[in-house]
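Since the structure comes first, as structure tokens, the remarks are kept for the end.
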Amino acid sequence: MSLKSAKPWSITARLTFLSILSASIILSSIGGYLYQSLADTFAQDNRQFLIKEIQLLRSVLQEQPVNLERLADEQGEGLDLSVGQYYSRIMDGSGDSLIETPGMELLPKAVLFPEATNISAAKGSEQKISDGRTFILMTVRNESRPPYIIQIALDITHEVTLLANYQRNLIGALFLGLLFSTIAAILVARRGLSPFADIARHMEGITANQLHEQLDPADWPKELSTVAVAFNAMLQRLAKSFAQLNQFSADLAHELRTPINNLMGETEVALSKSRSTDEYCEILESNLEEYRRLSRIVEALLFLARAENTEIPLRTAKLDGRAELEAVCSYHEALAEENGIRLVCQGQGFLNADAQLLKRVLSNLLLNAIQHTAIGGEVCLTLRSADDGSADIYVQDNGCGITAEHLPKLCDRFYRVDPARSEEGTGLGLAIVKSIMDLHGGSVTVISEVGKGTVVKLHFSAQ
Amino acid sequence: MHILIIEDEKKTAAYLQKGLTEQGFTVDVSNDGEEGLLLASTVDYDLIILDVMMPLRDGWSVLQELRRSGKLTPVLFLTARDSIDDRVKGLELGADDYLVKPFAFVELLARIRSILRRGPVRQTEQLGVADLKLDSVRHKAFRNNQRLDLSPKEFALLSLFLQRPGEVLSRTLIAEQVWDVHFDSDTNIVDVAVRRLRQKIDDPFPQKLLHTVRGVGYVLEER
């Protein structure tokens, strides 16, 4: 959690870090390889040299009788070798020294030298002695009659110093390389990311009233053109929402203007001269109607706003669908009869819904159907429930119908098919139907044919 | 009956006082929570009408303080806020009822009467006004001893009027009680239903019983 909540690294920092990491891995592997191969070359040369010397000494020792003078000559030759000084000591089988080169006394027989082995298994051992010099030491047993033990020491102080210097230089070069690659990485990252800063500057420049300004994806590198496309899509959605909001405000103002105008006008005219009590009552009554209308608009808008924020608690229950249809019909019965319209309920089954909200949905739809159906018409409520628990309710009339162009906007707030009929209702009935169906996770579909009638299908999901 | 109105909006307080006084109540008005609380805890009122949003002290706090001091005067909340939480909060604090602005005055009157009545509405087997009689057991209605032919909903509507004779019933209340419809509908459905009922119970007879109270609702009484 804490990792997630921490601010993520900047991309520049990430790129720089990764470049430094890869540069340091590459540089240190190269340096390590160079150092190691040099050290290996030295070690191999030294070993070959020592083995060769031992073989030389052995060949002298094999001559019978042993020519100690020649041996001393052989040993002495090592003193001015360019490889470095080397010393040797020849001992008999019991380990007593027979002959040794001067200076060998600094290298005691047993303490520093490795165990004597056969020449093929001979290993050099590196030792540093008290005067600061470093030697490679080797002990070889010569299985001749009589046996000898040859100890040989090669001064490699020079090589060790050389390698140490080489190592120091390599490390220095490594750090210098890292420093340069860091600077390069920062510069490259900054340069590479500069289109981001550019696109951000472009985006910053866009305010609410220039939502139509788009970013041209062709202006940006491939990686950013997708961002530009997504950003354009977002701008379009925002522009659409803004337009809807503006339209809604305008519609709302218009809706409120009519009743307010009536109220102001009627009251002003009433006050212009004194009138009879009956006249005053009539005016007040008419005003009250307008107030009720305003109050209904406010209530409906509040309902829609709450439904949108899902603040309306849904008291869903398994309802007897037929009983609900009949209850709503009984409420509208009187009105339908007045208009000479027959109400019919069909179908059986259960559905999951909030009883009051369902009543509101059906009531709004019935009202619309009754208002748009001529005398002698019929409004039919049909319930069809499926085995999976979902259900559909059809509200069908044989009224005037709606032309196709209006259908998509039917559930918009304040949308009216016939703007001239604005006195009827709040213009929010179908918007409320849709929001209630949305709350239920259901859907509304309107199918209509001019002159034949309209069917509104309500789908309630199984839940 | 002595009622206290605690409401900071002066116009509201004034028309409530006027309306309730005309209905025969004695009405005191306070325009802020502090003064209202003082009045409510010193005078024995039959009912307090309390606004929620007020300066100095809000309605909830007034009610809380009042109940803490042991006063059990019935309280009816008036408010422009009507989220479910607000409703629940008011009732939890011990309010007796809750009315959301804007409301119809008759609605308020009906609520006040039902709180003060402190009991169920008249539920007798034989209901009647003048020569209009209703037998709720046998589901029959008579006017001047003539049987009236009513549909079930018309019968329910008539019972509602007869249970509350002389009381003005708003359209909202009628829709709620008869059809269980708890939303403000855009229609004159209630008017149509009442008109049809009237055709059956009043039109054939010289004495009219079901009267329209203009712009407000309907009342059943002998005039």
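The values are calculated or read from the model by the stated rules, or taken from the named source; none is laboratory data. All figures in this text were calculated on a predicted structure; none of them were measured in a lab. Note that each Cβ is placed from the backbone with ideal geometry, even for glycine, and that neighbours are counted across all protein chains shown. Heads up: the accessible areas ignore ligands, DNA and RNA and are worked out on the full protein's heavy atoms, side chains in. Shrake-Rupley method; radii C 1.70, N 1.55, O 1.52, S 1.80 Å.
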inquiry  = Give me the residue from segment A:392-417 that is of a type in the set (D, E, K, R) and over 23 Å from A:N246 (Cα atoms) and, out of that set, surrounded by the fewest Cβ atoms within 10 Å (Cβ to Cβ).
reply    = A:D392
query = Quick check, is B:T26 surrounded by 15 or more Cβ atoms within 10 Å (Cβ to Cβ) and out of contact with any Gly (no Cβ under 9 Å at 6 or more places or on another chain)?
reply = no
task = Might you check whether a residue that is within 14 Å of another protein chain (Cβ to nearest Cβ), out of contact with any strand residue (DSSP E or B) (no Cβ under 6 Å at 6 or more places or on another chain), modelled with pLDDT of 90 or more and open to solvent by less than 50 Å² (accessible area, probe 1.4 Å) occurs anywhere in segment A:372-391?
result = no
message = Tell me yes or no: at least one residue of segment A:180-190 is assigned to a helix (DSSP H, G or I) and within 24 Å of the chain's Cα centre (by Cα).
response = yes
Residue in segment A:428-456 that is least open to solvent (accessible area, probe 1.4 Å), counting only those that are closer than 14 Å to A:H372 by Cα and among the hydroxyl-bearing types (S, T, Y) = A:T454
A:S37 being in a helix (DSSP H, G or I), at pLDDT 85 or above and polar (S, T, N, Q) = yes
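Tell me the strands (runs of 3 or more DSSP E) entirely within segment A:277-361 that contain at least 1 residues that are on the phi > 0 side of the Ramachandran plot, more than 8 Å from chain B (Cβ to nearest Cβ) and out of contact with any Phe, Trp or Tyr (no Cβ under 8 Å at 6 or more places or on another chain).
In segment A:277-361, no matching strands (runs of 3 or more DSSP E) lie anywhere.
Taking the residues in segment B:64-100 that are assigned to a loop (DSSP other than H, G, I, E, B) and at pLDDT below 85 as candidates, determine which candidate is surrounded by the most Cβ atoms within 10 Å (Cβ to Cβ).
B:L93
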ask   = In segment A:268-292, how many are more than 16 Å from B:V216 (Cβ to Cβ) and surrounded by 14 or more Cβ atoms within 10 Å (Cβ to Cβ)?
value = 2
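Kindly evaluate A:L365 against the criterion of being surrounded by 17 or more Cβ atoms within 10 Å (Cβ to Cβ) and under 17 Å from A:G401 (Cα atoms). Even if it seems obvious, please write down each step before you answer.
Working: surrounded by 17 or more Cβ atoms within 10 Å (Cβ to Cβ): yes; under 17 Å from A:G401 (Cα atoms): yes.
In short, yes.
Can you name every residue in segment A:234-246 that is more than 19 Å from the chain's Cα centre (by Cα) and either under 17 Å from A:G205 (Cα atoms) or aromatic (F, W, Y) (or both)? Before you say what the answer is, go through the steps one by one.
The initial filter retains those residues of segment A:234-246 that are more than 19 Å from the chain's Cα centre (by Cα), namely A:235-246.
Within segment A:234-246, A:L235, A:Q236, A:L238, A:A239, A:F242 meet the criteria.
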message = Going residue by residue through segment A:418-427, is there one that turns out to be closer than 24 Å to A:R342 by Cβ, part of a strand (DSSP E or B) and either in contact with an Asp or Glu (Cβ under 7 Å, 6 or more places away or on another chain) or open to solvent by 30 Å² or more (accessible area, probe 1.4 Å) (or both)?
response = no
Selection from segment A:210-233 of residues that are in a helix (DSSP H, G or I) and either on the phi > 0 side of the Ramachandran plot or more than 27 Å from the chain's Cα centre (by Cα) (or both) = A:Q210
note = Exactly one of A:F135, A:F175 is assigned to a helix (DSSP H, G or I) and among the aromatic types (F, W, Y), and that one is A:F175
query = Is segment A:162-177 home to any residue that is of a type in the set (K, R) and touching a Pro at 6+ places or on another chain (Cβ under 8 Å)?
reply = no
inquiry  = Tally up the residues in segment A:141-165 that are in a helix (DSSP H, G or I), open to solvent by 70 Å² or more (accessible area, probe 1.4 Å) and not polar (S, T, N, Q), please.
reply    = 2
ask   = Within segment A:89-139, how many residues are of a type in the set (D, E, K, R) and out of contact with any Ser or Thr (no Cβ under 8 Å at 6 or more places or on another chain)?
value = 4
ask   = Do we find that A:I432 is touching a Lys or Arg at 6+ places or on another chain (Cβ under 8 Å) and in a strand (DSSP E or B) in this structure?
value = no
key: Matching residues, segment B:42-63, being open to solvent by 10 Å² or more (accessible area, probe 1.4 Å) and either touching a residue at least 60 places away in the same chain (Cβ under 8 Å) or out of contact with any Asp or Glu (no Cβ under 8 Å at 6 or more places or on another chain) (or both)   = B:T42, B:D44, B:D46, B:D58, B:W60, B:S61
